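All remarks here apply to the structure that follows.
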Amino acid sequence: MMESREYFNSLFDIYKELLTKKEQDAFKEHYVEDLSMQEIADNQNVSKSSVGMTIKRAEQKLEDYEHKLHILKKNTQIKEALQSQNYSAIEQIIDN
């Protein structure tokens, strides 16, 4: 499984509404605003370990949603097919 910042940000863009507000806030502060877990803990007045667990839970949920729904994978396949102007591949992706 790819575990890069870009990958998780892409998943977050697609599935963020499926996370709790607490998970959204912690994830955004860590991945988008690039704050450390200690900075997030200080901002939210919670422990650093609590922030870490919240971010890990959000990451796991995002990966679970993608594993079940494949929206990021399909979007990537369609973009690649469009760039190569492979319209039969696009039709196949849509049919699947």
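Given a 1.4 Å probe and every protein chain left where it sits, what share in percent of the accessible area of the chain is carbon and sulfur? Numbers along the way, then the final one.
Values: 3250 of 6620 Å².
With neighbouring chains kept in place, the figure for the chain is 49 percent.
Please report the accessible area of Ser49 (heavy atoms, 1.4 Å probe, ligands and nucleic acids excluded) in Å², nearest 10.
Accessible surface of Ser49 is approximately 80 Å².
With all protein chains present, calculate the accessible area of Lys48 using a 1.4 Å probe and round the result to the nearest 10 Å².
Around 110 Å² of this residue is reachable by solvent.
Got a sec? What order do Val51, Val46, Val32 fall in by accessible area at 1.4 Å, biggest, i.e. largest, first? Working shown, then result.
Working: Val51 5, Val46 60, Val32 85 Å².
Greatest to least solvent exposure: Val32, Val46, Val51.
Ordered by residue, what ³J(HN,Hα) values in Hz, to whole numbers, does the range 72-79 give under the Karplus form 6.51 cos²θ - 1.76 cosθ + 1.60, where θ = phi - 60° and Gly and Pro are x?
With the stated coefficients, the range 72-79 comes to 4, 4, 5, 4, 5, 4, 5, 4 Hz.
Students often get this wrong, so check it: of Lys22/Lys79; Lys16/Lys79; Lys21/Lys73; Lys28/Lys61, which have C-alpha atoms separated by over 23 Å?
On the way: Lys22/Lys79 32 Å; Lys16/Lys79 21 Å; Lys21/Lys73 25 Å; Lys28/Lys61 15 Å.
Violating the 23 Å limit, Cα to Cα: Lys22/Lys79; Lys21/Lys73.
Suppose we keep just the alpha-carbon trace of the chain; what are its Rg and Dmax in angstrom?
16.4, 53
Can you tell me the FRET efficiency between Lys22 and Lys73 if r is taken as the Cβ-Cβ distance and R0 is 41 Å, rounded to the nearest 0.05?
Details: r = 27 Å, r/R0 = 0.67.
Once the sixth-power term is evaluated, E becomes 0.90.
For the chain, with every protein chain kept in place, what is the accessible area per residue (1.4 Å probe, Å²)? Intermediate results must be reported in sequence, preceding the final value.
Values: 6620 Å² over 96 residues.
Accessible area per residue, the chain: 69 Å².
Grab the Cα-Cα distance for Asp13 and Gln85, subtract it from 0.36 nm times how many residues apart they are, and report the gain in nm with one decimal. Spell out each step's value before the answer.
Details: separation 72, 0.36 × 72 = 25.92 nm, distance 2.56 nm.
Full extension from Asp13 to Gln85 adds 23.4 nm.
Each residue of the range 8-14 in turn: what ³J(HN,Hα) in whole Hz from Karplus with 6.51, -1.76, 1.60 and θ = phi - 60°, glycine and Pro shown as x?
5, 5, 5, 4, 4, 4, 7
Under unit Cβ charges (Lys, Arg +1; Asp, Glu -1), what dipole magnitude, rounded to 20 debye, does the range 15-96 have relative to its Cα centre?
Numbers: 12 positive and 15 negative charges, 44 e Å.
The dipole of the range 15-96 has a size of about 220 debye.
Taking amide H positions as placed in the peptide plane 1.01 Å from N, state which residues far from Leu35 in sequence (5 or more) or on other chains have amide H under 5 Å from it.
Here His30 satisfy the definition.
Which Cα, out of Met37, Ile14, Ser47, lies furthest along the positive dipole direction of the range 4-60 (beta carbon charges, K/R +1, D/E -1)?
Sorting the options by dipole projection puts first Ser47.
The values are calculated or read from the model by the stated rules, or taken from the named source; none is laboratory data. Since this is a predicted model, take the numbers as computed values, not measurements. Quick reminder, even Gly has a Cβ in these numbers, built from the backbone with ideal geometry, and neighbours come from all protein chains shown. Quick note on the areas: whole protein, heavy atoms, side chains included, nothing else; ligands and nucleic acids left out. Shrake-Rupley method; radii C 1.70, N 1.55, O 1.52, S 1.80 Å.
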